[in-house]
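Visitor: Take this structure, written in structure tokens, and hold onto it; I'll ask about it next.
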Amino acid sequence: MYDESKPLAPDDNWQDHANCLGVDPDLFFPERGASTREAKEVCRGCVVREECLEFALRNGEKFGIWGGLSERERRRIRRQRAQVARSIIGA
């Protein structure tokens, strides 16, 4: 069992602790306009949700539900982070 109070060891794979392990991947890649509710429900309470989201953000995942967020929601985070980075560089 994953203990979220301890950081993952370098050789530990966060995916091994994900709620979605063994769930049909199609659930996380719904057709355009289809509900994302079920996929997000799987993510809710997942102990590695943050790691999953950061993986998707770092790797530019443009499709699917990652870390409980849709493509649009992740795009918003990337824009916000870029804006913060620009303001720091320009300061």
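Visitor: In region 39-72, what count of residues is obtained for those that are in a helix (DSSP H, G or I), without any contact (Cβ under 8 Å) to a residue 12 or more places away in the chain and more than 19 Å from residue 26 (Cα to Cα)?
Guide: 1
Visitor: Anything in region 35-91 that is over 12 Å from residue 19 (Cβ atoms), modelled with pLDDT of 95 or more and among the hydrophobic types (A, V, I, L, M, F, W, C)? List them, or say none.
Guide: 53, 55, 56, 57, 63, 66, 69, 77
The values are calculated or read from the model by the stated rules, or taken from the named source; none is laboratory data. Keep in mind it's a predicted model, so treat the numbers as computed, not measured. With ideal geometry, Cβ positions are generated from the backbone for all residues, glycine too; neighbour counts draw on all protein chains shown.
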